[in-house]
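Each remark here refers to the structure printed beneath this line.
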């Protein structure tokens, strides 16, 4: 048997035994609480803030036990993961923070926003919440931050589930360049603010580009994403700064570290995405020595995890050895 295959099987068996024990601690009360849908009003009511050296970091939390950290894409926030959290909270302490420059986190004016800074912020957040290690679930630019954490701090990650997002040979992808150019010109926030007065237009443009079913993108969802980004001159400037910090390539030089990573990886990839390439999924699968392979979602676009949360829950539980 190939060494990689043997290590994968042994690791999977060990993870399954450990996680199965954790799963037995999910009570009926846990399941009842987790079954409560996280709509926009519930999400806003759940929001907490952790005081860190980087500012007041917004996050939502549901569940208990071992932690799972959900990292969103741009221009979204932790609300992206509500469906997966509903399903996984009986088995994990699910934590969904908002990155600096996006969502509802409150940070100082001149705080750097590069992926390395975001990773440092997440470590500070985990420390503030008393979390030693976590299962990471990440999308889009959040995947780049997750890979940096796994590369430089492997002991903080028990596992990594990646959906469509940055990889070293494709970061940032060419189709993100227009958004970066708009940020450089100072017009990106104005375009995003228009979503609040024309949600139908947001569905027809942004929604069509990144969702398989943009017509299902509710007005309150658009508002939950767009409102904090344009709520003040400072937030508009930070929204632009987030996009400018996507260059240079935040993953440059990480490949040798990830090739030695002990962290189990599962790739779940939307194949209808035309922003990140299908080949990027294969790259990740070949890069991580503990890869558990790829699940390909035929109709999924960039943010399919929000539309198909059951897929994320199924694959996370499989990776964690639950069920």
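Here are some notes:
- Hydrodynamic estimate: the Kirkwood radius of region 186-258 over Cα pairs, inserted into Stokes-Einstein at 37 °C and 0.692 mPa s, corresponds to D of 237 µm²/s.
- The Rg/Rh ratio of region 111-174, with Rg taken over Cα atoms and Rh as the Kirkwood radius over Cα pairs, comes to 0.97.
- Coarse-grained scattering of region 42-116 at q = 0.14, 0.21 Å⁻¹, given as base-10 log I(q)/I(0) from a Debye sum over alpha-carbon atoms: -0.43, -0.90
- Between residue 259 and residue 204, full extension at 0.36 nm per residue minus the direct alpha carbon distance yields a gain of 15.8 nm.
- Region 70-156: C-alpha pair distances exceeding 21 Å, %: 26 percent
- Whole-number D in µm²/s for the chain (Stokes-Einstein; Kirkwood sum over Cα pairs; 4 °C, 1.567 mPa s): 66 µm²/s
- Label-reachable residues, region 268-287, where backbone N falls under 16 Å from a point 7 Å from residue 296's Cα toward its Cβ: 268-286
- Of every Cα-Cα pair in region 236-320, the percent that sits beyond 16 Å: 63 percent
- Between the Cα long axis of helix 141-152 and the first principal axis of the chain there is an angle of about 40°, rounded to the nearest 10.
- In region 50-92, the alpha-carbon atoms span a convex hull of 81 Å³ per residue.
- Every pair of different Cα atoms in region 94-142 enters the Kirkwood calculation, which places the hydrodynamic radius at 11.8 Å.
- Intensity falloff of region 131-234 expressed as log10 I(q)/I(0), Debye formula with alpha-carbon point scatterers, at q = 0.10, 0.12, 0.15, 0.21 Å⁻¹: -0.39, -0.55, -0.82, -1.14
Just so you know, all these numbers are worked out from the coordinates, no wet-lab data involved. These figures come from a predicted structure and were not determined experimentally. Every residue, glycine among them, receives a Cβ derived from its backbone with ideal geometry; neighbour counts consider all protein chains shown.
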